[in-house]
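Q: Here you go, one structure.
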Amino acid sequence: MTEPLPPGGPAAGAALDWCHSRLRAGSAGAEDPDDRGTVRSMPIVLHLPKADLPGRTPLLEAVAGAVAALCLDERVAPGGQWHDAYGAWLDARMRKIARRARGAQWRTALEVPGVTREVDGCAARAFVPGPVDEVDPRLGRLQIGGTDLERDDPGTPPPGVPVVWVDSALQMSVGKAAAQVGHGVMVLIAEMERGRLERWIVDGLPVAVREADPDRWRELSAAVADGAPGVAAVVDAGYTEVAPGSLTVIAVEGRGD
């Protein structure tokens, strides 16, 4: 009988130092898109029950929380059981592929190593990254495209909470937006000062996701261009849905006071 893996938790001390500094270093560029053997991805599964579809915004916030929790989990740090797989993914292009599941599919997906987050009853799970052609069959059979979710109006983000802003003009599907929000929370972590990061972990890694209208997006893009502190953008490689070089999401740290 296989022994269960020990539970993880937020990294601290030297382990958190590594998690933080490694995200700040960014991709090592070890992927060759023409060599499938070098391509790695982080699977993300969205819980989309047929009878009770989740809200778009809380689902994307669950994605952000799950990716953040995995990237700051002690198991991805040196000596942890996820370290080699996670490090190889960071050395590549940090790709993410979002899939959807419901019912028994979702319950089976929860057996695969990863971290689940739930926001307002909406759940998503981020999994340990690996080679794109060697996805666990419990995940590989799940559909990538398909059901989308209507845009909602969640209101003003809570004060002091980091926000991942999505460019509304791109009209991204929920799966594409999930991947971009996941990357947005990673650049957010990289942008944070260590003390702010520790406070955020203690607070439970809250993240707001909001769509930015054209006026707000222009303001955010200007802040990125000016190198404003606490602001970081994701530039998409253009493999799906959007043109290469598009800014898809912009993360804003929030003061957290």
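Q: Would you check which residues across region 50-62 are over 14 Å from VAL207 (Cα atoms) and either small (Gly, Ala, Ser) or more than 21 Å from the chain's Cα centre (by Cα) (or both) and list them?
A: Answer for region 50-62, where residues must be over 14 Å from VAL207 (Cα atoms) and either small (Gly, Ala, Ser) or more than 21 Å from the chain's Cα centre (by Cα) (or both): LYS50, ALA51, ASP52, GLY55.
Q: Something else about it: For the condition modelled with pLDDT of 95 or more, at negative phi and of a type in the set (Gly, Ala, Ser), what is the one hit in ALA237, ALA243, ALA251?
A: Result: ALA251 is the single residue among ALA237, ALA243, ALA251 that is modelled with pLDDT of 95 or more, at negative phi and of a type in the set (Gly, Ala, Ser).
Q: Quick check on my filter: what residues within region 30-49 are within 23 Å of LEU90 (Cβ to Cβ), assigned to a loop (DSSP other than H, G, I, E, B) and within 19 Å of the chain's Cα centre (by Cα)?
A: VAL39
Q: OK, next. Which ones in region 124-156 are among the hydroxyl-bearing types (Ser, Thr, Tyr) and either open to solvent by 60 Å² or more (accessible area, probe 1.4 Å) or under 23 Å from ARG75 (Cα atoms) (or both)?
A: The answer is THR156, and nothing else.
Q: Of the numbered conditions (1) open to solvent by less than 60 Å² (accessible area, probe 1.4 Å); (2) assigned to a strand (DSSP E or B), GLU211 fails exactly one; give the number of that condition.
A: Failed condition: (1).
Q: From the list TRP89, TRP106, exactly one residue is within 29 Å of GLY26 (Cβ to Cβ) and open to solvent by less than 60 Å² (accessible area, probe 1.4 Å). Which is it?
A: TRP89
Q: Might you check whether a residue that is of a type in the set (A, V, I, L, M, F, W, C), part of a helix (DSSP H, G or I) and open to solvent by 70 Å² or more (accessible area, probe 1.4 Å) occurs anywhere in region 2-24?
A: yes
Q: If you take the residues in region 157-174 that are within 13 Å of VAL207 (Cα to Cα) and in a loop (DSSP other than H, G, I, E, B), which one is most open to solvent (accessible area, probe 1.4 Å)?
A: Top of the filtered list is PRO159.
Q: List, please: which pairs have Cβ atoms under 6 Å, are six or more places apart or on different chains, and start with a residue in region 112-123 that is farther than 12 Å from ASP52 by Cβ and open to solvent by 40 Å² or more (accessible area, probe 1.4 Å) and end with one that is charged (D, E, K, R) and assigned to a strand (DSSP E or B)?
A: These pairs meet every condition: THR116/ARG125.
Q: A follow-up question, please. If you take the residues in region 217-234 that are within 18 Å of GLN171 (Cβ to Cβ) and in contact (Cβ under 8 Å) with a residue 12 or more places away in the chain, which one is nearest to the chain's Cα centre (by Cα)?
A: The residue in question is VAL234.
Q: Being of a type in the set (Val, Ile, Thr) and crowded, with 20+ Cβ neighbours inside 10 Å is the filter here, so list the residues in region 25-56 that pass it. Let's see the steps before the verdict.
A: So in region 25-56, the residues of a type in the set (Val, Ile, Thr) come out as 38-39, 44-45.
ILE44, VAL45, listed by residue number.
The values are calculated or read from the model by the stated rules, or taken from the named source; none is laboratory data. What you see is a predicted model; the values in this text were computed from it and never measured. Here the Cβ is made from the backbone with ideal geometry for all residues, glycine too, and neighbour counts use every protein chain on show. For the accessible areas, the whole protein counts, side chains as well, though only heavy atoms, and no ligand, DNA or RNA atoms are used. Shrake-Rupley method; radii C 1.70, N 1.55, O 1.52, S 1.80 Å.
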